[in-house]
Amino acid sequence: SMQCYPGLVLALSSLLGALALLQLSLYLRVPSRYGKHEERLCRPRGRLPARCAWFLQELPSFLVPALLLALRSPPRLEPLGCRLLCCLFCWHYFYRTFIYPFFTRGRPFPLQLLFFGMLFCIYNGFLQGYYLIYCAEYPNDWCTDIRFTSGLLLFLLGMGINIHSDLLLRQLRKPGEVTYKIPQGGLFTYISGANYFGEIVEWFGFAIATWSLPAFAFALFTLCCIGPRAYHHHRYYLKTFTDYPKSRKALIPFVF
Ligand code: NDX
C-alpha cells in the first residue's frame, strides 16, 4: 500500500515551483492564449465548448484527492487537520468542476491548452492530496493554531471574492453572447482581475493553513499563472474601452 515518501513530495513541489517561474517568464510578455487573448487566426476545429472544457480540465483536481482520501486504508482519522484541509481543497474544485462550468458563458476553449490544463490538474491534485493524506503531521490542536485559523479565514475570504467575481463576469453576457464589456461591481470597482485576486488570496490562505511546501508551491504557481493574466486583461481593457475607469488597477487595489 502507499506510504509517505518525503523525497517525492520535495521533488514534485520543486518542479511545481520551477513551472511557476517558467510561466512567469512566458506570460509576463505574452498572455496565455485563451479567452480574450486568443489569436484570431486560430483554427476553429481545435476547440471545445467552454462548459465541457472547464469540466474536463478541472475534474482531476477534485477526483484525484477525493479518491486518495476515500481509498486510503486504513482510513486516516487523526489528526482532524489533515482531513479538514484536504476537504477544503476538494471543496474549491467541487465548485470549479461541478458548478462553474455549467454556468459559464465563455468562448470555446483551445484543445491544446485543455490537454496541458488537465495534466496540470492531475499533477497538482495528486501532490496536494498525497501530501495531506499520507505525509502531513499536525499536532492535535492544529485547528486552533493561528496559522490554521488565519489561513482558513483568508481561504474563505478569497473563495468568496472569487465566486462572486465569477458571477459578476458571467452576468455581463446574455446566453450565446461572446462580446466583452466593462466589468462592474464588487472588487471590479478597484481592479480588473477581481476573480484572479480572490483565487490568489484563496491559495495563499490554503498554504498558510496547511503550512506546507506543496501548498506554497501551488500558491506561487497560481500567482505566476493568473497574476500576469490580470495585467494583460487590464491592458486589453485600457486599449479597448476609452471610457475605462482611470483609477482601476490590474490586480492589487490602489497599488498595481
Ligand atoms: N485552469 C488554472 N503552462 C487553467 C487553464 C489554462 O484552473 O501550458 C490553471 C486553472 C492552463 C492553466 C490552468 C495551467 C497552465 C497552463 C494553462 C494553459 C497554458 C498553461 C496549462 C490549468 C501552460 C506551462 C507552460 C507551465 C505548462 O469568452 P471568455 O472565455 O473570455 O469569457 C470569460 C468571461 N469574461 C468576460 N465576459 C464579458 N466581458 C468581459 N470583460 C469578460 N472578461 C471575462 O468570464 C470567461 O467565461 C469568464 C472568466 O474569464 P477570465 O479570463 O477572467 O478567467 P479564466 O482565466 O477563464 O479563469 C476562470 C476561473 C477564474 O476564477 C480563475 O481564478 C480560475 O478559473 N483559474 C484560472 C486559471 C488557473 C487557476 C485558476 C489557478 O492557477 N488556480
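The values are calculated or read from the model by the stated rules, or taken from the named source; none is laboratory data. On a predicted model such as this, the values are computed, not experimentally measured, just so you know. Quick reminder, even Gly has a Cβ in these numbers, built from the backbone with ideal geometry, and neighbours come from all protein chains shown.
If you go through region 73-102 and keep only what is within 18 Å of the chain's Cα centre (by Cα) and farther than 28 Å from G151 by Cβ, you end up with just F102.
Scan region 174-187 for residues that are farther than 20 Å from H232 by Cβ and near the ligand (Cβ under 9 Å from one of its atoms) and jot them down. E177 - this is the single residue of region 174-187 that is farther than 20 Å from H232 by Cβ and near the ligand (Cβ under 9 Å from one of its atoms).
Could you tell me whether region 237-252 includes any residue that is more than 13 Å from the ligand (Cβ to nearest atom) and of a type in the set (K, R)? Among the residues of region 237-252, at least one is more than 13 Å from the ligand (Cβ to nearest atom) and of a type in the set (K, R), which makes the answer yes. Contact map, region 221-238: residues that are under 13 Å from L24 (Cα atoms) and assigned to a helix (DSSP H, G or I) paired with residues that are charged (D, E, K, R) and within 6 Å of the ligand (Cβ to nearest atom), Cβ distance under 8 Å, separation 6+ or inter-chain. Pairs shown: T222/E199; I226/E199. Set side by side, the residues R96, R105 differ, and just one is charged (D, E, K, R), under 24 Å from A70 (Cα atoms) and either modelled with pLDDT of 95 or more or assigned to a helix (DSSP H, G or I) (or both), which is R96. Here is the figure for region 188-236: residues that are aromatic (F, W, Y), more than 9 Å from the ligand (Cβ to nearest atom) and out of contact with any Asp or Glu (no Cβ under 9 Å at 6 or more places or on another chain) total 6.
Pairs are defined by a Cβ separation below 7 Å, a sequence spacing of at least 6 or placement on different chains, a first member in region 6-35 that is within 10 Å of the ligand (Cβ to nearest atom), and a second member that is of a type outside the set (F, W, Y) and assigned to a loop (DSSP other than H, G, I, E, B); the pairs so defined are R33/E39; G35/G106; G35/R107.
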